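Structure first, commentary second.
The values are calculated or read from the model by the stated rules, or taken from the named source; none is laboratory data. It should be emphasised that the depicted structure is a prediction, and the values quoted were computed from it without experimental measurement. All Cβ positions, glycine included, derive from the backbone under ideal geometry; neighbour counts span all protein chains shown. Keep in mind that these areas ignore ligands, DNA and RNA; they rest on the heavy atoms of the full protein, side chains included. Shrake-Rupley method; radii C 1.70, N 1.55, O 1.52, S 1.80 Å.
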Amino acid sequence: MIQTGLIQNAHNDLVTDASYDFYGLRLATCSLDQRIKIWQLDEDTGNWDVEDDWKAHDAAVTKISWAHPEFGTIVASSSFDRTVKIWEQTAYAEIERPQANGASSSSSSSRWTERAVLVDAKFSVRAVEFAPQHFGLKLAAISSDNHLRIYECLEQPSLATWQLAEEVDVLALPSTSPTSNSISQTVTLATPTQTTSTLDGASVSLAAQALQQQQQQSQAPSRPGLGNREADGGWCISWCKDKYWGEIIAAGCGIDGKIKVIQLSPSKRPATLLTLSTAPLRPSSETTSKAPVPPADGEAAPYAITSVSWAPSCGRSYHLIATGSRDGKVRIWRIKPPALADEADYEGDGDGDGSEGKWTGSIVGEFDDHKSSVGRVEWNITGTVLSSAGNDGRVRLWKATAGNVWRPAGHIGVEQADEQPPDIDMDENPVAD
Amino acid sequence: MAPKASSSLLPPLFEQGSTEEFKASGRTLAVAASPRDGSIAVYPTNNKAPQFMKAGYPKKQPIYFVAEHLAPDAERRTFLSDTSVIFNVVQNLVKTARARKITLFDNGETLGALRKLAQDYVNFCKECWIYAAENKTADTLQFSDDHYRQLHTCLSLFTVLYVPEPGLEGAPAGEDLLDWLNTHFVEPSTDEGKHLATLDKPWEDESYWSYLARATLRGLSKASAFFLETLSKHPSPYLQDLSRALIPILSNHPRFSQFSSERDFAINSRRWRDKVKTLRVELDRVPEDSREDGFDNWWAWFSDIVGVLEGRAEVVKRVCTDLGGDWKEVCVAWTMFVDPRLRRQDLPDIVVDILDDLPPDPTNQEDVIHSSLFLGKPVQALSQAAQLDVWLSAHLADMMEALELIEATPTDDSDISLRNLYIIQFAEYLHSDLNLWRHTVDYLCTCGDIGMKMADEVLVRVPLRLQSPKDSTAASEESARIRAGDLAGVLKEVNASCFDHGREEVRRMVCKAFTREKEYGLALSYCASAEDWPGLGRIVDRVLNEYVSQGPSNFARSVANIAPSLHALRAQSKSGLNGVFIYRLIFAVRFAEFHQRKVNQEYMDAAGDVVAMLKEEVAPRAWWAVVLCDAVDLLQNHEIMPFTTSEATLLLHKLEEVVSRSSYGAGKDYLAVLAQCTKNGDEKFALQQLQSVRLALAKYYARALDVVPV
């Protein structure tokens, strides 16, 4: 891998998220310093110049996401101040307009206007992501009380009104049906009354919190070294980019080491299609476990998933979801939608175990190269290259090779190199595992 | 070689060996992948919630940008673009063959065509190699001459082994392979030859016999004959006689290409072999004590040369190894001397044995690829080629699939065939340079539905650069032309590319971009070119909506944008397909003209517009009420009488229709737009406004009676 550029000093404290716009010509960054910066790529020089910079929140900003340009130049940011904010880049003519947040540092340079503040979360909001554009101007946010919220913009030109379309406690979310192919520990803990509804949000979330505390206590002895859930947990979301299957989002919470693939539909309550969990799974197994498996030999020790990324499927018959987690692993999951009813008819009865109509998942790649906590995983636009970064101070690329075997495809680190770097470090050849 | 990867980013974030301290500081790394070129932004971030972070890490927060590949430089780009032309021809060839249900490699015509194209690739690599060698100064080139030389040897070996001349698929391969080896791995060196030629008694030189043996192995009969001639002055009469006998044998070594049939070649080879045997008999007659000349054991060398010609496998192997030759040398010598009738398809059996003794150099990618090609392992060759250059693996895989050397359908559960895997990998490399997007899309679009979808992802992200840059006048001219409704520049190319590959959805996406930026004129001409009539209708609606949301003057400005395209569209509309949408456009333009005229105080003309819009039913029903309301100030203008009596009657008729129909429950059809323009957006207000129209009309009639006494 090769370094192609550098921003010497992006923020005055750690950068918490960086996100490219649709064209990759701009980069939005946010930081513990509570600010958002928008950088513009100078295509001639390859340099990134600050275009805008403003104090966005009253606490650390956690994530930033661009809306599809079809809706305008819009970003959403989430923060430890328990809000999600919607920002729009406004035309020059509108600069004079007083800003709602009154936070612009210099009125002449700031062209981003706060359009809405979403204040439903009771805890820090850890991630925000706009839905794919074919679902309209919608966004998902997840907070550290494990609540996933979906908002829809009702007044598009003004961006002022956002309806809370769904609110769900991810950990308490039940599976779709009794025969569901996923059984997770949390589901068995949850009683039917503890499912969340937007009408009864407060009491339910209290119940859910109590549940988590109980869960934390029960898990505490089995995870030495892991301290506070708020400190070490991971909350992450990623939308399915495909239109065909409707609105689906992958979400991970806290320290339970699971990703839930959640279907959202206007007529029904959110439902879990599939739970991705390593505990009962083996890389070779084709389907997720059908029965609860007790944690074995400390293998199932809980860990936080810090990052999830749903690859664009680009017409493949399956989806790829990558996760990075504090157990030091980068995992690539292959999940397959149910066969269509008419296809199933043509193919006969299949295996006859009633598996049609279900999503199935398996691990197609599991890598511990980062050794310690993985900070982020992200796919390229075609879902063919996965990049990951971790606590070892290295960025790694992963690609599928012939035979659909995922392999390392290069890495580069921030650690100072030897005077003469050894050749071994420089090889880009995939190393067979 | 290809550009070297580096192992660390600059400036380093922490010192060597301080990974643990980095972890302890509560930091980790995160990434963001750029949709533009696949590059990655890397930055240190917090691994814990901020309230649990200890202070003490550096305040300076860098963001590094890294890429898997460097974007190709100018020379490399030329190479990529030039070879993409050949690639496109190969695609057409394969497509045509499939359409005609021809198996490409079974048909002389198609195989011949593919062979020609393969040789075109070979020649391009050669040209690049020569170019790079000539421009070697400094490290200016991304890929060295040696890199292109390697591409050259690999591709030409592929051609020799897998794309033979039509009709010669089953013919002995030795001579072709010898040509390949002699072209790319020249031995013995010309310098050696020159040096020996200057000597009176060359046999006294230590390189003499090895030179002669190598020249024999390489079938260089002229060179061998030349130096054997010199032995006529050698003191040993035995050697004089033997060399005199050897010269014609070497010169007459039968070559397959000299014969019209393989049978003749076989007969001649046998006869020739008998002559070699005779020579061996004579050689063995030389007494033991006459076999040295004080410089070397000439007899042993001579015996080795004869051994090679006899086709003794162990001698061939030993001589090659002794001379520093590798497995390639042995394989080729094998096909020339040990088994001169060896066919391509039988080659792997022999090569396996040879490689057992003389394995390829695992650190030499080129050698490894050669060995896989010799072994008839295309799949393996591809994965090795991908290590050398994704260009090579992609173009090899493309030809391999055409020749059915690799499966055309996915062999694993990835939904992606082997060829497509390598093409997609290459396309990823092309994507590292945004300027090559057209090629990226072309390559991806040869990879089935999945490839097309991937191409869409690239296409929709090609920046159209509509906001023209400050710098060049040419660019702004271009953007002016685009704005005038011309398809130019990037836009034109995106359009063409979408059209070529049938990516209609993408074209419409692009169109949406214009609508968003209120480039309505542009969006219209774009829609028209994409024959997206409903899309055109939507744009007109958007424009009309400007009236509702922004008021008449903004609306008039927006329409000024689209007016020019109306004329062109009218000409096109004769097909009738788009009639409905065109009418809506005509109305929008007329309505804007009307407002413009009012602004310019051309009241008479404005009144003409009102009448025309209502009379010719240009205005949609929902807009009648709006037109009537906007005509009120014309009616109330005391200085002129812009409407004739009958025209005023027309207005009254329309007003009556709107009001009466609305009262029968058709308010939605007649009042919707006007209602939107009012503050509360309800029909009641709209009706109130219409009352003022009625009043104005009544007053107008009254004035008309005054002015023109009945």
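Summary of values
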| quantity | calculated |
| --- | --- |
| Gain in span if fully extended, B:ASN182 to B:THR140, counting 0.36 nm per residue against the direct Cα distance | 12.1 nm |
| Summed buried accessible area for B+A [probe radius 1.4 Å, Å², rounded to 100] | 7800 |
| Local electrostatic count, A:CYS236, Cβ distance below 14 Å [Lys/Arg +1, Asp/Glu -1] | +2 |
| Trypsin sites (Lys or Arg not before Pro) within the stretch B:285-379: DSSP coil, no more than 13 neighbouring Cβ in 10 Å | B:ARG285 |
| Net charge of neighbours whose Cβ lies under 15 Å from the Cβ of B:ARG100, counting Lys and Arg as +1 and Asp and Glu as -1 | +1 |
| Relative contact order, percent, chain B [alpha-carbon distance under 8 Å, six or more residues apart] | 7 |
| Near-label residues of the stretch B:36-79 by backbone N, under 13 Å of a point 7 Å along Cα→Cβ of A:ASN12 | B:59-61 |
| Computed over the stretch B:102-221: relative contact order in percent, which uses C-alpha pairs under 8 Å that are six or more apart | 22 |
| Peptide B:448-455 - average C-beta neighbours from other chains (10 Å radius) | 4 |
| For the stretch B:145-212, the Rg and Dmax computed from alpha carbons only, in angstrom | 17.0, 48 |
| Heavy-atom accessible area per residue - the stretch B:601-710, 1.4 Å, Å² | 54 |
| Full-extension gain in nm, B:ASN123 to B:GLU657, via 0.36 nm per residue minus C-alpha separation | 184.4 nm |
| Drop in accessible area of at least 50 Å² in the complex versus isolated chain, residues of the stretch A:52-89, 1.4 Å probe | A:GLU70 |
| Per residue value of the accessible surface for the stretch B:1-70 (all protein chains in place, 1.4 Å probe), Å² | 40 |
| Inter-chain shielding of B:410-417 (mean C-beta neighbours from other protein chains, 10 Å cut-off) | 5 |
| Pairwise label distance in nanometres, A:GLN3 with A:LYS371, each label 7 Å out on the Cα-Cβ vector | 2.1 |
| Residue-averaged beta-carbon neighbours from other chains (10 angstrom radius) around A:391-398 | 6 |
| Residue pairs, from the table B:LYS136/B:LYS377; B:LYS275/B:LYS317; A:LYS358/A:LYS399; A:LYS268/A:LYS371; B:LYS136/B:LYS201; A:LYS258/B:LYS23, whose Cα atoms sit over 31 Å apart | B:LYS136/B:LYS377; A:LYS268/A:LYS371; B:LYS136/B:LYS201 |
| Cα shape, the stretch B:226-377, gyration tensor, a/c 1.5 rule | oblate |
| Magnitude of the charge dipole, chain B, Cβ model with Lys/Arg +1 and Asp/Glu -1, debye to 20 | 3360 |
| With every protein chain in place, chain B: carbon and sulfur % of accessible area (1.4 Å) | 51 |
| The stretch B:313-405 shape via C-alpha gyration tensor axes, a/c threshold 1.5 | oblate |
| Spin-label pair B:GLU21/B:GLU617, simplified geometry with 7 Å Cα→Cβ offset, distance in nm | 8.5 |
| Selection from B:VAL618, B:ALA675, B:ALA702, by position along the positive dipole direction of the stretch B:601-710 (Cβ) | B:ALA675 |
| Three-way shape call for the stretch B:166-253 based on the alpha-carbon gyration tensor, with the a/c threshold at 1.5 | oblate |
| FRET efficiency for B:ILE267 and B:GLU493, using Cβ-Cβ distance with R0 set to 51 Å, rounded to 0.05 | 0.25 |
| In nm, spacing of pseudo-spin labels at B:TYR701 and B:LYS59 (7 Å Cα→C-beta vector) | 8.2 |
| Neighbourhood charge, 13 Å Cβ-Cβ cut-off, centred on B:PRO254 and excluding it, Lys, Arg +1 and Asp, Glu -1 | +3 |
